[in-house]
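Step one of this worksheet: look at the structure below.
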Amino acid sequence: MKKIFILFINVLFIIPLFGQTNGIINNANSSHVNFKSINMGDCQWTEGFWADKFKVAEEVMIPYMGELLTGDVGHALNNFKIAAGLKEGEHKGMKWHDGDFYKWMEASMYIYAQNKDKKILADLDRYIEIIGRAQAPDGYLQTQVQTTDLKRYGNRQYHEMYNSGHLYTSACIHNRITGKTNFLDIAIKSADNLYDTFMPQPDHLKRFGFNQTQIMGLVELYRTTKNKKYLELAELFINMRGKSKVIPDATASFKFIGDMVQERTPLREEQTAEGHAVLALYFYAGAADVYAETGEQALIDALDRLWSNVVDKKMYVTGAVGQTHHGASSNVDMIHEGFINEYMMPNLTAYNETCANICNSMFSYRMLGVHGEAKYADIMELVLFNSALSGISIEGKDYFYANPLRVHHDGYDPGNDTEFDVRQPYIPCFCCPPNLVRTIAKVSGWAYSLTNNGVAVNLYGGNKLETKQLDGSKIQLKQETQYPWNGNVNITIEKCKREAFDILIRIPEWAKGSTLLVNGKDIESEVIAGTYVTINRKWKKNDIINLKMPMDVKLLEGNPLIEEVRNQAAVKRGPVVYCVESPDLPKNTDILDVYLPLKSNLTATYRPNFLGGVSTITGDFKLRHVNGEGMYREIAKPTWKTQKVQLVPYFAWANRGESEMTVWLPILWEE
């Protein structure tokens, strides 16, 4: 009886006491979370794929982006200087440009958490001082409104909420990493202004909320300060949706109402993901943060439905979301950059904004925390290796906003400032690049989670973990692998407590036939793809877990309801989706005339000096030639040429000059 009492006391008091409070998400004391965050900096990449990407982020991505945003090209810092009275001039950039700057600051802090470069901290302190001087005495902060004659909260498209949300998140991260409060004080002052403005719920603001990052930001501010009013305000912004009439008014033009901004239906009643994909997924991620604190059943029921609707009926094979640039929702509301009907998945006109893809992984990361199920980490990984990384060049200086699954120059018209067939060194709508760079910089914080009696391994890559379990005991792991090019992963226990505890190993859904050994011996549990395998034992120093995942080249087909991919296949190996790119075809070959024989003997080869070091896939393809032009033509027998063709990872396309590309390939059904 005494032992049971002691165990109860440990669970009740010790676990909350030793939860990690300096995670990307501080869910240490969140009652409705199964997987808790590790502290930032506790996991560091050591070798391989993510170590290489982190190095590029540290040495190229973030410094280059800083030059843009603190200079006259990006103009973001100039906007704060103008608002602070430190510089003359006009606001430049989009309404949400303040938020872009906050995201870049956040990315810089993730780098500082690992390299402790004092210059990064000094630069950030200088920017924070300018931002503080730009802030109005009552806490309001939005440089475009402050430097023009625009009315505060006069139109929700001013993105005041969006900018505020990124401010709160960035300030909380800065506080957790540095211990300083200079940035946090600005965020608190702003949030207090937001609370005083919106909590009374004046009629003219009842339908406010557009790109709702403020919900996530407010929850993190609540977790940081313990001031419950920020959680109440976050919940208010959820409850406000779906109450207003879906008609234009002074705060919302006809283009930005209804499903477009998730206001036609209350979130708890939503059955399908609708509208602008970024707006929707930021909203869902924020609601997941609120659920983690409140445990409201109706909220998680809705989020479960919406996650499944996105992943099972509206997501591309690359993890990308937001099927169209311009279209209509299921309720025939005008939308753009968003979700359309289920299984309606165009390739050439697929929009798939980089931010939307990243938001898909952010939402899944929060759902992973809530439920502790492997399917959420599967989506995080799918996005990270494919539709997120496709948004930036191998070098780290050029960007994509949209990420279609096919690019053909005769059928592709980059007629605006977000669609390109060649990556751009600067995009006027600059929301995606800092979002992606901060994700690359922080992804080591997603690699592991703390469970009730152990550690879960979520993502694979050469790394070292030094952290504390929820009971306060130290644990140190070393992961060695060349994943995703090789499916062999070794995890060595370098330090741990003497008592038995769990190590949860994620077996990706694609990795059927995986084997799992401890010190060279089979474990007693069944190894099932798409689950975490829990290994409970008294671990000791130098114990080795070996996970071996088969890395066969697989051909995927779409659901028959996806009309645009009928009789076509996508090539995938491990978590990486591949594509055919025109530099790997004979000159003047049309990308649409490349066919994949079912028996094409596809083989993978790792090429360390190609595209930053990738595995390519080669095989015998058929190139078709048919005479005739026009939209429709009489069927004629084609001539075929057999050609050895190389496929490259989708994320690495468009790094060799102007090119065409396709993920889906028509199949030749040879006997």
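The values are calculated or read from the model by the stated rules, or taken from the named source; none is laboratory data. All values reported here derive from a predicted model rather than from experimental measurement. Here the Cβ is made from the backbone with ideal geometry for all residues, glycine too, and neighbour counts use every protein chain on show.
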Contact list, first residue from the range 612-635 and touching a residue at least 60 places away in the same chain (Cβ under 8 Å), second anywhere and among the aromatic types (Phe, Trp, Tyr), beta-carbon distance below 7 Å, six or more apart or interchain, is Ser615/Trp485; Ser615/Tyr606; Ile617/Tyr578
Of the residues in the range 96-125 that are over 23 Å from Val60 (Cβ atoms) and within 22 Å of the chain's Cα centre (by Cα), the one that is surrounded by the fewest Cβ atoms within 10 Å (Cβ to Cβ) is Trp96
A careful count of residues in the range 537-560 that are surrounded by 14 or more Cβ atoms within 10 Å (Cβ to Cβ) and outside any loop (DSSP other than H, G, I, E, B) gives 9
Selection from the range 333-351 of residues within 21 Å of Phe210 (Cβ to Cβ) and not in a strand (DSSP E or B) yields Asp333, Ile340, Tyr351
Log entry, pairs with first residue in the range 262-291 being under 12 Å from Asn239 (Cα atoms) and without any contact (Cβ under 8 Å) to a residue 24 or more places away in the chain, second being of a type in the set (Asp, Glu) and surrounded by 24 or more Cβ atoms within 10 Å (Cβ to Cβ), beta carbons closer than 7 Å, six or more apart or on different chains, reads Gln262/Glu274
Listed by range, strands (runs of 3 or more DSSP E) wholly within the range 397-504 having at least 2 residues that are free of Cβ contacts under 8 Å to residues at least 24 places away in the same chain are 474-481
Going through (1) modelled with pLDDT of 95 or more; (2) over 28 Å from the mean Cα position of the chain (by Cα); (3) of a type in the set (S, T, N, Q) one by one, Ser525 fails only at (1)
Scanning the range 518-528 residue by residue, those surrounded by fewer than 16 Cβ atoms within 10 Å (Cβ to Cβ) and of a type in the set (A, V, I, L, M, F, W, C) turn out to be Ile528
For Glu466, the lone unmet condition from (1) farther than 26 Å from Gln44 by Cα; (2) of a type in the set (Asp, Glu); (3) not assigned by TED's automatic domain parsing to the domain that holds Gly41 is (1)
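Residues are listed down the side, and each one gets a yes or a no for (1) touching a strand residue (DSSP E or B) at 6+ places or on another chain (Cβ under 8 Å); (2) surrounded by fewer than 17 Cβ atoms within 10 Å (Cβ to Cβ); (3) under 15 Å from Tyr222 (Cα atoms):
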| position | (1), (2), (3) |
| --- | --- |
| Gln144 | no, no, no |
| Ala191 | no, no, yes |
| Leu194 | no, no, yes |
| Pro200 | no, yes, no |
| Leu205 | no, yes, no |
Filtering the range 156-196 for residues that are assigned to a loop (DSSP other than H, G, I, E, B), within 17 Å of Asn39 (Cα to Cα) and either touching a residue at least 60 places away in the same chain (Cβ under 8 Å) or aliphatic (A, V, I, L, M) (or both) leaves a count of 0
Wholly inside the range 1-57, helices (runs of 4 or more DSSP H) that include 1 or more residues that are of a type in the set (Asp, Glu) and modelled with pLDDT of 95 or more are 49-56
The condition from (1) surrounded by 17 or more Cβ atoms within 10 Å (Cβ to Cβ); (2) more than 20 Å from Gly48 (Cβ to Cβ); (3) at pLDDT 95 or above; (4) not β-branched (Val, Ile, Thr) that Tyr578 misses is numbered (2)
In this structure, is Ala136 under 27 Å from the mean Cα position of the chain (by Cα) and of a type in the set (A, V, I, L, M, F, W, C)? no
